[in-house]
Amino acid sequence: MDFESVFPVWKDLNAVQQKRILASLITRKAEKGTVIHNGSMDCTGLVLVKSGQLRAYILSDEGREITIYRLFDMDMCLFSASCMMRSIQFDVTIEAEKDTDLWVIPTETYKTIMEESAAVANYTNELMAARFSEVMWLLEQIMWKSLDKRVAAFLLEESAIEETQELKITHEKIANHLGTHREVITRMLRYFQSEGMIKISRGTILILEKEKLEKL
């Protein structure tokens, strides 16, 4: 798999622009847990996931995390080049949830080509709109959806991603994804266990009644 075959608007670039991207393109490997982009401290560039899994999250003043979206194979992250978008007023941190291979287009290279190419500019605007839709969806979940429903939805999502009913995940990690405290998640999971929906063991959550979680 090469970059040219997966970059969405590659065929809309002229030969000079294609050559410019390939000349500046960075291939990178990130081990699980590596922070790829650290908010306003970095201007990493546009990240395109070749294989693996990334997590984008924001951090409160009190140090609490909340996941705003996740990136999988062939997904592109625009917020890692937020320095070229002055309207972005919040810091996004991006870390590898799994060992990840990725490509990075340096910010200046992408910005120059975006100014030259209407196709790239349109694609960038569509990608930005999609990401903000995810942020607004998250905000809606936090404001209007009870935590038990959010935890149930997270467990089902995680099960679908990992393709297993046995989740290797800590209560702390779930709390970080959902923007709450570990103790709150522990109480909620114990309630789910008492209802027969899951079984909790050290570092593992086994889904027993998927239908009950879906109903919740």
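General remarks:
- Evaluating 6.51 cos²θ - 1.76 cosθ + 1.60 at θ = phi - 60° for every residue in region 67-80, the Karplus couplings come out as 6, 9, 6, 10, 10, 10, 3, 6, 7, 10, 10, 8, 5, 6 Hz, glycine and proline recorded as x.
- Cα gyration tensor shape of region 96-147, rounded if a/c is under 1.5, else prolate or oblate by comparing a/b with b/c: oblate
- Per-residue HN-Hα couplings for region 7-23 [Karplus 6.51, -1.76, 1.60; θ = phi - 60°; Hz; x = Gly/Pro]: 5, x, 10, 4, 5, 8, 8, 7, 4, 5, 5, 4, 5, 5, 5, 5, 5
- Extension gain from GLN18 to ASP91, taking 0.36 nm per residue of separation minus the Cα-Cα distance: 23.3 nm
- Residues whose amide H comes within less than 5 Å of that of LYS50, counting only those at least five positions distant or on another chain, are MET74, ASP101, LEU102, TRP103 (H built at 1.01 Å from N in the peptide plane).
- Along its principal axes, region 145-215 has C-alpha extents of 25, 22, 20 angstrom, given from the largest down.
- The residue list ILE198, GLN165, MET188 was ranked by how far each Cα lies along the charge dipole of region 145-215 toward its positive end, using unit charges on Cβ atoms, and MET188 comes out on top.
- Relative contact order [Cα under 8 Å, 6+ residues apart], the chain, whole percent: 21
- Between region 1-40 and region 113-188, the Cα center-to-center distance that results, in Å: 24
- Over 28 Å between alpha carbons, listed pairs LYS168/LYS210; LYS173/LYS199; LYS29/LYS199; LYS168/LYS215; LYS19/LYS50; LYS111/LYS173: LYS29/LYS199; LYS111/LYS173
- Helix axis angle, 107-116 relative to the chain longest principal axis, alpha carbon, degrees: 60
- Per-residue [θ]222 nm for the chain (sum of -39500 (n - 2.57) over DSSP H runs n ≥ 4, rounded to 500): -13500 deg cm²/dmol
- Value of relative contact order over region 157-216, rounded to a whole percent, pairs C-alpha under 8 Å and six or more apart: 32
- Charges were assigned to the Cβ only: +1 to each Lys and Arg, -1 to each Asp and Glu. The resulting dipole of the chain about its Cα centre is roughly 340 debye.
- 5 angstrom amide H check on VAL92, placed H, neighbours 5+ away: GLY39, SER40
- Cα centre as origin, Lys/Arg/Asp/Glu Cβ charges: region 145-215 dipole, Debye: 280
Just so you know, all these numbers are worked out from the coordinates, no wet-lab data involved. Please read all numbers here as calculations on a predicted model, not as lab measurements. As a convention, Cβ positions derive from the backbone with ideal geometry for all residues, glycine included, and neighbour counts pool all protein chains shown.
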